[in-house]
Amino acid sequence: MKDDKSMRYGWTIGALAERAGCRVETVRYYERAGLMPVPPRTAGGHRSYGGDHVKRLTFVRRARELGFTIEEVRELLVLADNGDYTCADVRAATLRHRAGVKRKLADLRRLDRALGNLADRCAGDNGRDCAIFDALFDAGARRWIGR
């Protein structure tokens, strides 16, 4: 049985990825982006990961799943790493991100309406006269596409 210390460090990048539920390429990407700390190396030069890496990688993955950009995740990690934050700071960052999500949703609703307008103008038959293509090629079509 491994002792407590060996359970904290000594994992390969593959073991870290498995524990965090992601791919090895994801770990490497986050390392290159500066979101993951440089792990210690074994005598053979291999990276050696531990529980702190799993915790941080889980944080990064969850933040990314919520749509935070790499830069936004980096800002959150700076707050967490420095320990010089309040819940109000974290909440403010979350609300800024949420405002961006709401803007994107509004844009998606506009796109949905525009696509609906295009589809409504199309007969959908077997002919080659296509109102959708006409609109896409027509510089003046913006007025009824909805943009």
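I need the full set of residues from the range 29-56 which are part of a helix (DSSP H, G or I) and more than 13 Å from the chain's Cα centre (by Cα), in order please. Before the answer, list the steps.
Initial filter on the range 29-56 (part of a helix (DSSP H, G or I)): 29-32, 51-56.
Correct list: Glu31, Arg32, Gly51, Asp52, His53, Val54, Lys55, Arg56.
Starting from the range 108-127, take each residue that is touching a residue at least 40 places away in the same chain (Cβ under 8 Å) and list its partners that are of a type in the set (Gly, Ala, Ser), counting only C-beta distances under 9 angstrom and pairs at least six apart or across chains.
As it stands, the answer is none, since no pair meets every condition given.
Table: residues versus (1) modelled with pLDDT under 95; (2) under 30 Å from Asp134 (Cβ atoms); (3) surrounded by fewer than 10 Cβ atoms within 10 Å (Cβ to Cβ); (4) not assigned by TED's automatic domain parsing to the domain that holds Asp134.
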| position | (1), (2), (3), (4) |
| --- | --- |
| Leu16 | no, no, no, yes |
| Arg19 | yes, no, no, yes |
| Tyr29 | no, no, no, yes |
| Ala33 | no, no, no, yes |
| Pro39 | yes, no, no, yes |
| Gly45 | yes, no, yes, yes |
| Gly51 | yes, no, no, yes |
| Thr58 | no, no, no, yes |
| Arg96 | no, no, no, no |
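If you go through the range 91-134, how many residues are of a type in the set (Val, Ile, Thr) and over 27 Å from Leu76 (Cα atoms)?
The total comes to 1.
Among the residues of the range 21-30, what is the count of those that are aliphatic (A, V, I, L, M) and more than 19 Å from Thr69 (Cα to Cα)?
1
Checking the structure you have, find out if any residue of the range 119-135 is part of a helix (DSSP H, G or I), at pLDDT 95 or above and of a type in the set (Lys, Arg).
No, every residue in the range 119-135 fails to be part of a helix (DSSP H, G or I), at pLDDT 95 or above and of a type in the set (Lys, Arg).
Might you check whether a residue that is closer than 30 Å to Arg56 by Cβ and either under 31 Å from the mean Cα position of the chain (by Cα) or among the polar types (S, T, N, Q) (or both) occurs anywhere in the range 105-120? Talk me through it step by step, then tell me what you get.
The initial filter retains those residues of the range 105-120 that are closer than 30 Å to Arg56 by Cβ, namely 105.
Okay, now just the ones that are also either under 31 Å from the mean Cα position of the chain (by Cα) or among the polar types (S, T, N, Q) (or both), so 105.
Yes, that holds for at least one residue.
The values are calculated or read from the model by the stated rules, or taken from the named source; none is laboratory data. Here the structure is a predicted model, which is why all the values come from computation and not from measurement. Virtual Cβ from ideal backbone geometry, glycine too; neighbours counted across all protein chains shown.
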